[in-house]
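Colleague: Here's a structure for you.
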């Protein structure tokens, strides 16, 4: 019974213990929707950077290894190559293991401006997420102020 008596008193005292600025700071620190919006801003920023890097192409590393059970020639041979080979007459260069390594740079030359348009869209989405973030921030401050002032008005009515 005693606990039930002190609980409303404690809640009433804690409401008067915080100033408006402290209440706003607490709400900004502990609001999950603002944290979610902040993550969306970071996600749209990363998406925009990804779209921008697509304009620079990509570098691919290529490696290939083949093993043959029968020896293979490494180049097309002409009769003159067979007769006058580097290792002597009728010695044909051949191998069982063939390996190729390389680097390729791929870039799209023209795709109907799809890359530029996708970057512009991602840039607009990034700016939109920043605006939503600012709006959510201001909306939270407005809501906290409104509730705080409403509680003060109700408190004054109660005292009156």
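To keep it simple, each residue is scored yes or no on (1) more than 20 Å from residue 48 (Cβ to Cβ); (2) under 32 Å from the mean Cα position of the chain (by Cα); (3) part of a helix (DSSP H, G or I).
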position	(1), (2), (3)
80	yes, no, yes
97	yes, no, no
124	no, yes, yes
135	no, yes, yes
139	yes, yes, yes
142	yes, yes, yes
150	yes, no, yes
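Colleague: (1) surrounded by fewer than 11 Cβ atoms within 10 Å (Cβ to Cβ); (2) part of a loop (DSSP other than H, G, I, E, B); (3) at pLDDT 80 or above: which one isn't true of residue 91, the others all being true?
Modeller: Unmet for residue 91, out of (1) surrounded by fewer than 11 Cβ atoms within 10 Å (Cβ to Cβ); (2) part of a loop (DSSP other than H, G, I, E, B); (3) at pLDDT 80 or above: (3).
Colleague: Additional query: Please determine whether any residue of the range 63-75 is free of Cβ contacts under 8 Å to residues at least 12 places away in the same chain, surrounded by fewer than 12 Cβ atoms within 10 Å (Cβ to Cβ) and outside any strand (DSSP E or B).
Modeller: no
Colleague: Give the residues of the range 36-50 that are under 15 Å from residue 127 (Cα atoms) and over 8 Å from the mean Cα position of the chain (by Cα), sorted by residue number.
Modeller: 37, 38, 39, 40, 41, 48, 49
Colleague: Of everything in the range 20-39, what is exposed (fewer than 11 other Cβ atoms within 10 Å of the Cβ) and assigned to a loop (DSSP other than H, G, I, E, B)? Give them in sequence order.
Modeller: 30 - this is the single residue of the range 20-39 that is exposed (fewer than 11 other Cβ atoms within 10 Å of the Cβ) and assigned to a loop (DSSP other than H, G, I, E, B).
Colleague: Limited to the range 51-62, what total is found for residues that are part of a helix (DSSP H, G or I) and over 25 Å from residue 125 (Cα atoms)? Steps first, please.
Modeller: We begin by selecting, within the range 51-62, every residue part of a helix (DSSP H, G or I); these are 51-56.
Checking which are over 25 Å from residue 125 (Cα atoms) leaves us with none.
Final tally of qualifying residues: 0.
Colleague: Just checking, does the range 95-111 include any residue being under 30 Å from residue 40 (Cβ atoms), surrounded by 10 or more Cβ atoms within 10 Å (Cβ to Cβ) and modelled with pLDDT of 90 or more?
Modeller: Within the range 95-111, not a single residue is under 30 Å from residue 40 (Cβ atoms), surrounded by 10 or more Cβ atoms within 10 Å (Cβ to Cβ) and modelled with pLDDT of 90 or more.
The values are calculated or read from the model by the stated rules, or taken from the named source; none is laboratory data. Please read these numbers as outputs of a predicted model, since none were measured by experiment. Positions of Cβ are backbone-derived with ideal geometry, glycine not excepted, and every protein chain shown enters the neighbour counts.
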